[in-house]
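**Q** After the structure tokens below, expect a handful of questions from me.
The values are calculated or read from the model by the stated rules, or taken from the named source; none is laboratory data. Computed from a prediction, not measured in an experiment: that's the story for all the values here. Backbone-built Cβ (ideal geometry, glycine too); neighbour counts: all protein chains shown.
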Amino acid sequence: MSTDDASAPSDTHAGASRVPAHIAIIMDGNGRWAKARGLPRAAGHERGVEALRRTVEAAGEIGVRYLTVYSFSTENWRRPAAEVNALFGLLRTFIKKDLGRLKKEGVKINVIGRREGLPDDIAMLVEKAERETASNSDFVLNIAFNYGGREEIARAARALSADVASGAVLPSDVTEEVLASYLDTADMPDPDLLVRTSGEYRLSNFLLWQAAYSELVFFDVLWPDFDRAWLEKAVAIYSDRERRFGAVSTGDA
Ligand code: FPP
């Protein structure tokens with residue numbers, strides 16, 4: 001495998017186990033968690049933020065460098081307005097309450113997805129969070145908000161086409177690496193491990209380009225119940241998998 005292969009492994013070895021450099025999570029099951037308790041769906045999302053806080057902390061402690069979480073998809077606009085507003089409210093509160101602490105802890109915050117269409121105050125909060133944590137490098141938290149994988153690829157293709165039209169990029173220079181540099185995740189390694197909770201087995205338009213070689217792990221646990229033990233279990237499963245990136249097993253060559 002060449003060293004410039006975008007799918008080259010980026011994980012690290014910690015003792016006998018391999019720690020993924022980048023974990024992506026589809027935080028699913030908040031609604032069912034709330035329903036099972038006779039609570040409004042928004043209460044499930046609120047508890048979901050607590051699970052997110054636990055997960056960021058645990059991921060940093062076990063040596064993960066990038067965590068990308070699916071918080072609001074481009075398809076989530078189809079939900080009732082009250083639920084959409086509740087999710088917006090949770091992002092506002094999360095940034096207002098957690099920014100100071102995350103900044104001190106060396107966390108760099110990025111919000112990936114489509115900025116257009118977000119309420120102005122949220123767009124401003126997001127810019128503030130990104131600006132104030134821009135020089136942090138210990139841990140990157142990517143919050144996918146108003147995010148859709150196809151939308152991201154189409155937006156990247158639009159920006160790249162504009163550069164081709166202006167002559168800044170030659171059509172013959174358009175490679176996978178060049179297109180990837182127009183994505184919201186430019187300069188980040190692809191996720192080594194993608195986890196989805198709540199017993200659903202789909203990508204749901206999450207990181208379609210970046211997850212090409214990710215190891216996929218599905219758990220039945222509902223997101224509000226996710227904790228460090230589940231994260232460690234996902235890492236242990238990942239560690240036992242053999243990643244071949246399209247090649248053959250060592251020893252079979
Ligand atoms: C899927 O569960 C979850 C979401 C659509 C939202 C996830 C959001 C959070 C965990 C909190 C937001 C965090 C920030 C920082 C804004 P679902 O509602 O589809 O659950 P269901 O499938 O059981 O109905």
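**Q** Mind checking which residues of the range 114-152 are within 15 Å of the chain's Cα centre (by Cα) and under 22 Å from R54 (Cα atoms)?
**A** The answer is F139, V140, L141, N142, I143, A144, F145.
**Q** Report the residue count in the range 212-222 for those that are surrounded by fewer than 18 Cβ atoms within 10 Å (Cβ to Cβ) and within 20 Å of A186 (Cβ to Cβ).
**A** Matching residues across the range 212-222 total 2.
**Q** Within 16 Å of the ligand (Cβ to nearest atom) and either in contact (Cβ under 8 Å) with a residue 12 or more places away in the chain or surrounded by 16 or more Cβ atoms within 10 Å (Cβ to Cβ) (or both), is that true of D190?
**A** Answer is no for this residue.
**Q** Is it fair to say T55 is more than 9 Å from the ligand (Cβ to nearest atom), within 16 Å of the chain's Cα centre (by Cα), of a type in the set (S, T, N, Q) and surrounded by fewer than 21 Cβ atoms within 10 Å (Cβ to Cβ)?
**A** no
**Q** Of everything in the range 164-212, what is β-branched (V, I, T) and either in a loop (DSSP other than H, G, I, E, B) or touching a strand residue (DSSP E or B) at 6+ places or on another chain (Cβ under 7 Å) (or both)? Give them in sequence order.
**A** Selection gives V169, V174, T175, T185, V195, T197.
**Q** Restricting to the range 193-221, give me the number of residues that are within 16 Å of the ligand (Cβ to nearest atom) and touching a helix residue (DSSP H, G or I) at 6+ places or on another chain (Cβ under 7 Å).
**A** 10
**Q** Assuming G199 fulfils every condition listed in (1) under 17 Å from the mean Cα position of the chain (by Cα); (2) of a type outside the set (S, T, Y); (3) surrounded by 12 or more Cβ atoms within 10 Å (Cβ to Cβ); (4) under 29 Å from A229 (Cα atoms) apart from one, which condition is it?
**A** Among (1) under 17 Å from the mean Cα position of the chain (by Cα); (2) of a type outside the set (S, T, Y); (3) surrounded by 12 or more Cβ atoms within 10 Å (Cβ to Cβ); (4) under 29 Å from A229 (Cα atoms), the lone unmet condition for G199 is (1).
**Q** Return the pair list, or none, for Cβ contacts closer than 7 Å from residues in the range 91-117 that are assigned to a loop (DSSP other than H, G, I, E, B) to residues that are among the hydrophobic types (A, V, I, L, M, F, W, C), at least 6 apart or on different chains.
**A** Pairs found: G106/F139; G113/A144; G113/F145; R115/A123.
**Q** Quick one: count up the residues across the range 231-253 that are surrounded by 11 or more Cβ atoms within 10 Å (Cβ to Cβ) and in contact (Cβ under 8 Å) with a residue 24 or more places away in the chain.
**A** Residues flagged as surrounded by 11 or more Cβ atoms within 10 Å (Cβ to Cβ) and in contact (Cβ under 8 Å) with a residue 24 or more places away in the chain within the range 231-253 amount to 10.
Residue by residue, here is whether (1) in contact with a strand residue (DSSP E or B) (Cβ under 6 Å, 6 or more places away or on another chain); (2) at pLDDT below 95; (3) outside any helix (DSSP H, G or I); (4) within 16 Å of the ligand (Cβ to nearest atom) holds:
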{"residue": "T3", "(1), (2), (3), (4)": "no, yes, yes, no"}
{"residue": "P9", "(1), (2), (3), (4)": "no, yes, yes, no"}
{"residue": "A24", "(1), (2), (3), (4)": "yes, no, yes, yes"}
{"residue": "L39", "(1), (2), (3), (4)": "no, no, yes, yes"}
{"residue": "H45", "(1), (2), (3), (4)": "no, no, no, yes"}
{"residue": "G48", "(1), (2), (3), (4)": "no, no, no, yes"}
{"residue": "L67", "(1), (2), (3), (4)": "yes, no, yes, yes"}
{"residue": "W77", "(1), (2), (3), (4)": "no, no, no, yes"}
